[in-house]
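Beneath this line is the structure, given in structure tokens, with notes to follow.
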């Protein structure tokens, strides 16, 4: 996609200036500041004023203060518009505030050239999507009751993570961080539906004063600015809004749309001064204190900022190569037009009727005098082609990607029959992004921690039920209420991230796993061939591990203090060592009920009896088979199984005793 076409030809009024700062293409015009009233603090109600007047003044102060920050940092918002337009090749509705034309959002910005921004972004997004993780709680100490409570909380968290589709929200935030340098996920609690929420926040709606983070410190104030339909805001909050005034100079607001600002102020060290407010059109829609040391927002930064809150984005890093690639494509197109459209040199003395010349094949043309000759303009297209490929390779190398990642083609020296070698080659580039993947993992962990914190502070969250399928099986499930986590102490556990089950893997990862199982002999070749197109790995895994899952189910029943005896169909070869290990593990822990240990011993006794009976039956069957296979005994032969000759046997039997 052409950077010039995306900026100048499609952004329209209220967008960026395509004739901005030269080579970078980014806008940077200074903006006039918005005046605010420094005497009115939106987080500090004034008891000396009437309540309605004070609420109106503080709502106006909050919106004006947010507008002043956005005006001062308007370059960041305009840069986001530039980057997102380059990636999506569309006019983005989120930047237009109701002023976009009805068909404008569906018209491509530019169809002239290829987009490195999109190609590299999609490759990185695919890598982020192919490594899903799920949060997990690791118990501390040697207490059985603590381990049991933490395990139950871990089941609740895994079920809630899947229910709110938090992984999908985190992947979208990863894409936002590539576009704008910043991705945001908001975690909330809906008291009407009694459910938790995890949704992405449009990066342009994040308003944070960059001066608060000049020393790399976290900001105290967080603002989310949205432009919404007036009817939606009135229905949601049950109010009648007034007139929408002017917000900022560089953007216009469409008819029927209003600016809604939600702000969080963290409390100080003493726990005071925190506030949460939502303001629109001079009215306070939400006006309450905020006592928590956190905000329900998790941020993912593409790179570590040198100073301030907003780092460089991935699109900003790719943009110089995109501009160079666009220039090369234009030069190649111009050279092809010159080389592929020949001209004809016509002498002035040649008697030729120009109207007879056309593109029809086999046409006979006459002339007299000097013969006309075609003129060819040689162009060095080979050098331009090589330079274009070099720019593409440099862009991928700078972003830490190999060409095989984006094209899906392996180098000729890589053997396709070595799955481990293919994985090793593809994982080599992860070292270049190790810092980014570490931040992405920590970001997902922060979202999981916010899920617990938000539900702990939400009214009616005790009635929320989370469903989890333990041991990977889907036949048995646990339903855990959130109130089971109320008694959980933060000192009892630590947080970690673990791999997800098979049913949450990407299709490419599932096919790779099929090839890996086949190469290691864990799957039959016919089964692998049948599962290659659409592998149902869940069914295959459930069938192969059903007996092991049954043992884990027995262990869970025993740990709960109940008892279920094993049968002849129980996998005792796997179960007896596992139950024995679990018995010794629980024996060394504190606060374990005697019934739990006794049930383990009882289970092991029954299992040992079943196993011993099976061994005796097998030995008896083998003896019967050997007896049936032996030849019949005759007086002239030795006893079955004896190597003695008949004469020697008779001499031995005739010898006196002793």
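The values are calculated or read from the model by the stated rules, or taken from the named source; none is laboratory data. From a predicted model like this one, the values you see are computed outputs, not experimental measurements. Positions of Cβ are backbone-derived with ideal geometry, glycine not excepted, and every protein chain shown enters the neighbour counts.
Give the residue, chosen from 618, 611, that is out of contact with any strand residue (DSSP E or B) (no Cβ under 8 Å at 6 or more places or on another chain), outside the structural domain of residue 152 (by TED's automatic domain parsing) and modelled with pLDDT under 85. Spell out the reasoning first.
Values: 611 fails: modelled with pLDDT under 85.
Exactly one of 618, 611 is out of contact with any strand residue (DSSP E or B) (no Cβ under 8 Å at 6 or more places or on another chain), outside the structural domain of residue 152 (by TED's automatic domain parsing) and modelled with pLDDT under 85, namely 618.
For residue 266, are the conditions met, namely being over 27 Å from the mean Cα position of the chain (by Cα) and buried (at least 17 other Cβ atoms within 10 Å of the Cβ)?
Working: over 27 Å from the mean Cα position of the chain (by Cα): yes; buried (at least 17 other Cβ atoms within 10 Å of the Cβ): yes.
When the stated conditions are applied, residue 266 passes them.
Confirm whether residue 337 is surrounded by fewer than 21 Cβ atoms within 10 Å (Cβ to Cβ), at pLDDT below 90 and either in a helix (DSSP H, G or I) or assigned by TED's automatic domain parsing to the domain that holds residue 443 (or both).
On the way: surrounded by fewer than 21 Cβ atoms within 10 Å (Cβ to Cβ): yes; at pLDDT below 90: yes; either in a helix (DSSP H, G or I) or assigned by TED's automatic domain parsing to the domain that holds residue 443 (or both): yes.
So residue 337 fits the description; yes.
Quick check on the range 206-220. Is at least one of its residues outside any strand (DSSP E or B) and within 24 Å of residue 165 (Cα to Cα)?
Checked against the condition, which is being outside any strand (DSSP E or B) and within 24 Å of residue 165 (Cα to Cα), the range 206-220 yields no hits at all.
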Could you go through the range 165-174 and let me know if any residue there is within 15 Å of the chain's Cα centre (by Cα), closer than 12 Å to residue 447 by Cβ and outside any helix (DSSP H, G or I). yes
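Please tell me if residue 419 is modelled with pLDDT under 80 and either touching a helix residue (DSSP H, G or I) at 6+ places or on another chain (Cβ under 6 Å) or outside the structural domain of residue 165 (by TED's automatic domain parsing) (or both). Write out each step before concluding.
On the way: modelled with pLDDT under 80: yes; either touching a helix residue (DSSP H, G or I) at 6+ places or on another chain (Cβ under 6 Å) or outside the structural domain of residue 165 (by TED's automatic domain parsing) (or both): yes.
Here the answer is yes, as residue 419 does meet what is asked.
Applying the selection to the range 556-570, what residues are over 10 Å from residue 607 (Cβ atoms) and in a loop (DSSP other than H, G, I, E, B)? Spell out the reasoning first.
From the range 556-570, those over 10 Å from residue 607 (Cβ atoms) are 556-564, 568-569; that's our starting set.
If the condition is that a residue be over 10 Å from residue 607 (Cβ atoms) and in a loop (DSSP other than H, G, I, E, B), then 560, 561, 562, 563, 564, 568, 569 are the ones that fit.
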Just give me the residues in the range 113-131 being closer than 15 Å to residue 85 by Cβ and either surrounded by fewer than 17 Cβ atoms within 10 Å (Cβ to Cβ) or in contact with a strand residue (DSSP E or B) (Cβ under 6 Å, 6 or more places away or on another chain) (or both), in sequence order. none
Which numbered condition residue 512 misses (of (1) assigned by TED's automatic domain parsing to the domain that holds residue 148; (2) at pLDDT below 70; (3) under 30 Å from residue 443 (Cα atoms)): (1)
Spot the failing condition for residue 124; the list is (1) farther than 25 Å from residue 495 by Cβ; (2) not assigned by TED's automatic domain parsing to the domain that holds residue 436, and only one is missed. (2)
Could you list, in sequence order, all residues of the range 50-99 that are within 19 Å of residue 257 (Cβ to Cβ), touching a strand residue (DSSP E or B) at 6+ places or on another chain (Cβ under 6 Å) and at pLDDT 90 or above? 59, 62, 63, 66, 70
